[in-house]
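Below: one structure, written as structure tokens.
Every number in this text was worked out from the coordinates using simple rules, so none of it is lab data. Note that the structure is predicted; figures quoted are calculated from it, not measured. As a convention, Cβ positions derive from the backbone with ideal geometry for all residues, glycine included, and neighbour counts pool all protein chains shown.
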Amino acid sequence: MAEPRTPSVALTRREEGSGPVVLLLHGLGGDRTVWDAQVPELAREFHVVAPDLRGHGQTPAPAGSTFTFSELEGDLGQLLDEVGGAPAHVVGLSAGGFLALRMALDAPARVRSLTLIGTSVHCDNHTKAVSQRWAETYRDAGFDAYLLRLVKDLYYPDFVEAHPEVLDRLRAQQSAQDLGSVLAWANAVRTFDLRGRLLKITQPTRILQGMDDGVVDGSHGRLLRVSIPGADLKLFAQTGHLVPIERPAETTEAIREFVREVERRSPKAA
């Protein structure tokens with residue numbers, strides 16, 4: 001059965017640079033600011049596009065939005081048409097990685113390479129329990145308790161101690177977030193499962209995984225590596241779920257190095 005979807009929506013985006021397109025996809029409840037450290041550096045040699053997905057950041061969710069992956073893929077297809085950037089080097093964080101994987105399978109001509117950060121082959125019981133705990137904490141204990149729960153789950157403890165400003169940053173971002181949209185996408189994410197399909201992915205793939213990820217168990221990085229032909233894996237010790245924030249320079253370099261190599265091996269036809 002086809003997934004329901006409403007008409008595509010124009011995505012608010014940060015767009016900088018020129019050259020091969022690098023599309024940066026945030027995760028559930030996030031927005032384009034998660035890539036603030038990467039965009040200006042990558043834009044030195046690539047055309048970088050970091051959108052707010054439907055119902056996140058400054059992109060509204062039209063009435064009737066289903067938040068199925070087909071619907072979100074439709075939005076991104078329209079975005080790539082607008083920037084003239086297909087195929088793109090797609091980088092996905094967490095549920096944004098789920099979306100990147102779906103794009104690679106459903107619209108392979110739009111995806112030149114994949115970089116998957118803190119993502120998985122399927123949404124397992126651990127990740128489902130974490131997202132359920134977020135919803136219950138917000139419902140039962142309120143916004144401040146919900147923020148503290150997010151900080152504990154998203155970041156490695158030593159990083160929070162060294163960067164206490166992450167709580168203020170998260171507070172500002174979540175205060176502006178439509179939590180109804182987060183819950184709606186969470187329902188779709190809970191059913192995500194590509195086991196048995198990843199051997200069909202032909203795009204070059206790089207996987208970045210925090211070894212102390214409290215949202216997606218680190219074992220999923222290894223499972224992705226053995227499931228996607230030719231994929232490589234970079235592990236980050238003492239790092240939580242939000243690798244681009246905790247390890248900004250290393251994340252930028254891993255993406256830049258990989259995109260350069262893919263372009264060198266098989267430059268896009270003019």
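Figures for the structure shown
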{"quantity": "Gyration tensor (alpha-carbon) shape descriptor, the range 68-115, a/c threshold 1.5", "calculated": "oblate"}
{"quantity": "Residue-averaged [θ]222 nm for the chain, counting only DSSP H segments that reach four residues, each worth -39500 (n - 2.57)", "calculated": "-13500 deg cm²/dmol"}
{"quantity": "Translational diffusion coefficient (Stokes-Einstein; Kirkwood radius from C-alpha pairs) of the chain at 25 °C, 0.890 mPa s, in µm²/s", "calculated": "133"}
{"quantity": "Summed side-chain charge close to Leu194 - residues other than Leu194 whose Cβ falls under 15 Å, Lys, Arg +1, Asp, Glu -1", "calculated": "+1"}
{"quantity": "Cross-link partners of Lys200 among aspartates and glutamates (Cα-Cα below 12 Å; sequence separation of 8 or more within a chain)", "calculated": "Asp106"}
{"quantity": "Most mobile of Val151, Val215, Val49 in a GNM of the chain (Cα contacts under 10 Å)", "calculated": "Val151"}
{"quantity": "Over the range 113-270: Kirkwood hydrodynamic radius from C-alpha pairwise inverse distances, Å", "calculated": "17.1"}
{"quantity": "The range 1-137 - percent relative contact order, Cα under 8 Å, separation 6 or more", "calculated": "26"}
{"quantity": "Within-14-Å neighbourhood charge of Gly180 [Cβ basis; K, R +1; D, E -1]", "calculated": "+1"}
